[in-house]
Each structure stands twice: as C-alpha cells, then as structure tokens.
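The structure appears right after this line, and notes come after that.
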Amino acid sequence: MKSFLTLFSSALLLLTAFAFADEIATMRDKVAIDQDVNPQYIPKVTNDDIKQARNYPMQPPVIPHTDRNYEVNLNVNKCMSCHARNRTGDSQAPMVSVTHYMDRDGNFLAEISPRRYFCNQCHVPQLDTQPKVDNEFVDMHKIMAEKAAKPEGQ
Ligand code: HEC
Ligand code: HEC
C-alpha cells in the first residue's frame with residue numbers, strides 16, 4: 001500500500017510538472033535545448049552628459065554619464081574624485097550638494113558624510129530603453145495647471 005501511494009504521488013508530481021512546464025520562467029526563454037536562443041538586446045547606458053530635469057525638489061538627480069568601473073568602497077570613492085568640493089575646478093562636475101557634507105544633526109563636515117558615501121544608493125544612471133511598466137507619476141506643476149484651468153469649486 002505504502003509503495004503504491006509513493007508511486008501514485010510521484011506520478012501526480014510528474015503530471016503537475018508537465019502541466020506547469022509552460023509557465024516556468026527559464027533563462028532560455030522556453031526555447032528548446034537543441035535550438036539557439038536569440039540573445040536579448042542589452043540597452044546602452046545613457047552617456048550624453050545632459051542633466052535630466054528633476055521630477056520633484058527632493059529627487060536625487062539621475063546620473064547623466066556612465067558609471068562603469070567607478071568604484072566606491074572602503075578605500076576609494078571614485079565619484080568624489082570629480083564631485084568633491086575641491087575637485088570641481090578640475091573636473092567641471094557639479095559639487096555634491098551641501099546636504100552631502102552634513103551629519104544627521106545638521107553639522108557640516110569637511111569630508112562627505114557617511115550618510116552620503118554610497119552614491120549609488122540614491123543616484124542611478126539611465127538606460128536607453130523603453131520602460132517595462134507604465135509610470136503614472138504626475139508632476140505637481142501639471143496638477144497646479146489643471147486646478148488653475150478649472151473654475152472654483154469644480
Ligand atoms: C570623471 C569625472 C566624474 C566622475 C568620476 C563622476 N562624475 Fe558625475 N558628473 C561629472 C560631470 C562633468 C557631470 C556634469 C554632467 C556631465 O558632464 O556628465 C556629472 C553629473 C553627475 C550628476 C548629475 C547632477 C545633476 O545636477 O543633474 C550626478 C547625479 C552624478 N554626476 C553622480 C555621479 C556618481 C554617483 C558618480 C560615481 C558613481 C559620478 N558621478 C562619477 C563628472 C564625474
Ligand atoms: C541618501 C541618498 C543620497 C546619497 C547616498 C547621495 N546623494 Fe547626492 N543627492 C541626493 C539628493 C536627495 C539630492 C538633491 C537634494 C540635495 O541636494 O540634497 C542630491 C544631489 C546631488 C547632486 C546635485 C547637486 C546640485 O546642487 O545640483 C550631486 C552632483 C550629487 N548628489 C552627487 C552625489 C555623489 C557623488 C554621492 C556619493 C558621494 C551622492 N550624491 C550620494 C541624495 C543622495
């Protein structure tokens with residue numbers, strides 16, 4: 001009886017595996033093993049040096065240049081070699097804002113604050129590609145313009 005049950009459940013498992021085989025995401029995009037996969041397009045990082053508008057005042061600006069091989073670790077911070085206050089003359093990069101030199105009590109430090117050390121926590125480069133999902137974000141200026149266009153109370 002026991003062995004029959006084991007057999008039965010493994011048969012059931014196998015059946016389920018077949019039934020769901022189509023829905024399992026694979027690295028090969030469901031292409032059979034004897035066929036070549038068409039590699040997916042790898043988008044390029046936008047590297048046009050043109051600053052992007054910020055969507056709201058507190059937004060960390062996106063990075064308009066590639067950051068490949070720019071290391072940020074315990075010993076070096078490549079970003080600061082251009083963005084530190086005393087490097088901007090040579091690099092012509094915008095200085096990290098003054099908030100980046102403040103500790104959590106609002107005191108100003110000589111060096112970048114530990115809270116702002118890992119730049120990529122907040123700043124990211126962009127890819128030259130179409131968004132995978134729609135974005136329903138509405139700029140507050142649009143909301144204000146719409147409100148102004150409507151007569152009061154409507
Ligand atoms: C070789 C110098 C250099 C390095 C290294 C560098 N940047 Fe930049 N960065 C620039 C310059 C110059 C600009 C101004 C726009 C441009 O020319 O790309 C800029 C622009 C930016 C901006 C846009 C600022 C704004 O107001 O829109 C951000 C954010 C930024 N960099 C973040 C970073 C981060 C994060 C790193 C490290 C991963 C980094 N940068 C490394 C030179 C540099
Ligand atoms: C915790 C999030 C955070 C981290 C970490 C961070 N930033 Fe920022 N950054 C911001 C925000 C938010 C702004 C815009 C508001 C402000 O200036 O504080 C900004 C602004 C900037 C600007 C534009 C300054 C200006 O006045 O136009 C530059 C350049 C920049 N950051 C570079 C860097 C670099 C380089 C690092 C790493 C050393 C870094 N940031 C780390 C959040 C962060």
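Read-outs: derived from the displayed coordinates by stated rules, not from any lab. Bear in mind that the values here come from a model prediction, so they are computed numbers and not experimental data. Note that we place each Cβ from the backbone using ideal geometry, even for glycine, and neighbour counts take in every protein chain shown.
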> Arranged from highest to lowest average of other beta-carbon atoms within 10 Å per residue, in what order do the peptides 45-51, 78-84 appear?
Replying inline: 78-84, 45-51
> How about segment 57-154: which GluC sites (Glu not before Pro) there are in a DSSP loop, with at most 15 other Cβ atoms within 10 Å of their Cβ?
Replying inline: GLU71, GLU111, GLU136, GLU152
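Hey, which of these cross-link pairs are over 22 Å Cα-Cα: LYS44/LYS132; LYS51/LYS147; LYS78/LYS132?
Long pairs (Cα-Cα over 22 Å): LYS51/LYS147; LYS78/LYS132.
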>> So if each residue of separation counts as 0.36 nm, and I subtract the Cα-Cα distance between ASP29 and ASN75, what length gain in nm does that give?
In response: 12.5 nm
> What ranking of ARG104, ARG116, ARG28, ARG87 emerges when the number of other C-beta atoms within 10 Å of each C-beta is taken as an exposure proxy, fewest first?
Replying inline: ARG104, ARG28, ARG87, ARG116
> How long is segment 67-154 along each principal axis, judged by its Cα atoms, biggest number first, in Å?
Replying inline: 58, 37, 25
>> Give me ASP103, ASP67 sorted ascending by neighbouring Cβ count inside 10 Å, so fewest comes first.
In response: ASP103, ASP67
> Under a point-charge model restricted to the Cβ atoms of Lys and Arg (+1) and Asp and Glu (-1), what is the dipole moment magnitude of segment 45-149 relative to its Cα centre, in debye to the nearest 20?
Replying inline: 200
